[in-house]
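For reference, the structure is listed below as structure tokens.
The values are calculated or read from the model by the stated rules, or taken from the named source; none is laboratory data. Remember, predicted model here, so these are calculated numbers, not experimental data. Here Cβ is always computed from backbone atoms with ideal geometry, including for glycine, and neighbour counts include all displayed protein chains.
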Amino acid sequence: MGLLDSLAKQVLKRATITCVAPIAQHTYHLTFQGPDLADVQYTPGQTLNVFFDLSGPEAALRKRTYSIWQYNAEALTLELAVCTFSNGPGARWAQQCRPGDDVYFHGPGGKFILDTPTAFSYCLLGDVSALSHLYALRRQLPQAQSVFSLVHARTEADCFPDLDGTYPLHFAIADQLPATEVLAEVAAQGLSSATSCLFYIGGAQTLCVETRQLLRKQWQVSANHLKAKPFWK
């Protein structure tokens with residue numbers, strides 16, 4: 001074990017992986033559990049820094065940041081939905097980890113949360129890499145709240161339901177989905193007053209940037225009604 005790995009284990013929190021399950025073509029559902037999850041200060045929409053390969057043959061400390069799908073303070077559990085599109089170190093870790101493995105983490109943190117839970121309406125946009133994050137945001141809003149949404153997926157096999165088995169967001173299945181089509185679909189859902197709506201955009205960096213620009217220039221949405229978080233480039 002390298003010195004960096006040894007120090008990391010002393011300062012990071014630890015949990016045990018209790019469940020690893022494929023839930024979509026490129027997504028794994030991971031459950032963490034352990035006493036270090038007690039008294040976690042969590043706001044839905046926050047993320048967790050996960051460290052792995054601390055005891056690997058390369059002795060390389062690796063970190064990835066994942067959206068927290070759900071945190072249960074009573075059961076001391078935390079749920080993640082890890083996408084494997086990149087086939088990078090984080091994707092391989094999610095595919096190879098097993099129940100009983102230790103996992104080290106730091107957090108939660110992040111600002112991609114519902115700042116104003118009493119807006120007239122909300123719009124949740126993104127792709128499947130941000131799906132669990134958008135589900136976590138949607139769960140904080142009353143069912144009767146006016147919520148518009150669109151999640152881009154290239155195939156139906158990449159879609160998965162929320163933890164309760166429901167699909168509370170709209171999906172668009174297409175190879176590519178330009179920002180103009182995203183907003184056209186939202187308008188078709190009945191969003192007529194964009195200036196009184198709060199927009200949350202997550203997923204591919206290009207989609208975040210293009211959608212934000214269109215909302216600002218063509219829909220006249222103010223900057224403080226827009227929050228975007230690129231999940232990948």
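Just wondering, is there one or more residues in the range 91-99 that are of a type outside the set (G, A, S) and modelled with pLDDT of 95 or more? Yes, there is a match, as at least one residue in the range 91-99 is of a type outside the set (G, A, S) and modelled with pLDDT of 95 or more.
Screening the candidates I23, I17 for the property of being crowded, with 17+ Cβ neighbours inside 10 Å and either at pLDDT 95 or above or in a strand (DSSP E or B) (or both) yields one hit, I17.
The residues of the range 172-192 that are assigned to a helix (DSSP H, G or I) and over 16 Å from A204 (Cα atoms), listed by number, are A184, E185, V186, A187, A188. Screening L207, L169 for residues that are part of a helix (DSSP H, G or I), within 18 Å of the chain's Cα centre (by Cα) and surrounded by 14 or more Cβ atoms within 10 Å (Cβ to Cβ) leaves exactly one candidate, L207. Taking the criterion of being surrounded by 20 or more Cβ atoms within 10 Å (Cβ to Cβ) and touching a strand residue (DSSP E or B) at 6+ places or on another chain (Cβ under 6 Å), the residues of the range 178-190 that qualify are V182, V186. Among the residues of the range 143-153, are any outside any loop (DSSP other than H, G, I, E, B) and either of a type in the set (D, E, K, R) or assigned by TED's automatic domain parsing to the domain that holds Q46 (or both)? Among the residues of the range 143-153, not one is outside any loop (DSSP other than H, G, I, E, B) and either of a type in the set (D, E, K, R) or assigned by TED's automatic domain parsing to the domain that holds Q46 (or both), which makes the answer no. The test for being part of a loop (DSSP other than H, G, I, E, B), modelled with pLDDT under 95 and in contact with a strand residue (DSSP E or B) (Cβ under 6 Å, 6 or more places away or on another chain) holds for A119. Scanning the range 71-91 for residues that are farther than 21 Å from A204 by Cβ, without any contact (Cβ under 8 Å) to a residue 60 or more places away in the chain and of a type outside the set (A, V, I, L, M) turns up Y71, N72, E74, T77.
Residue pairs whose Cβ atoms lie under 8 Å apart, separated by 6 or more positions or on different chains, with the first residue in the range 155-168 and free of Cβ contacts under 8 Å to residues at least 24 places away in the same chain and the second of a type in the set (A, V, I, L, M) and assigned to a loop (DSSP other than H, G, I, E, B), do not occur.
Cβ-Cβ contacts under 8 Å between residues 6 or more apart (or on different chains), taken from a first residue in the range 170-196 that is of a type in the set (V, I, T) to a second residue that is surrounded by fewer than 13 Cβ atoms within 10 Å (Cβ to Cβ) and assigned to a helix (DSSP H, G or I), are listed as I173/E156. Selection over the range 191-204 of residues that are loosely packed, with under 13 Cβ neighbours inside 10 Å and either in contact with a His (Cβ under 8 Å, 6 or more places away or on another chain) or outside the structural domain of R138 (by TED's automatic domain parsing) (or both) gives a count of 1.
Only one entry in T43, T65 is within 30 Å of Y200 (Cα to Cα), assigned to a strand (DSSP E or B) and at pLDDT 90 or above, namely T65. Restricting to the range 112-139, name every residue that is outside the structural domain of P161 (by TED's automatic domain parsing) and among the charged types (D, E, K, R). If the condition is that a residue be outside the structural domain of P161 (by TED's automatic domain parsing) and among the charged types (D, E, K, R), then D115 is the only one that fits. Among the residues of the range 210-227, none is identified as of a type in the set (S, T, N, Q), surrounded by 18 or more Cβ atoms within 10 Å (Cβ to Cβ) and either over 17 Å from L150 (Cβ atoms) or without any contact (Cβ under 8 Å) to a residue 40 or more places away in the chain (or both).
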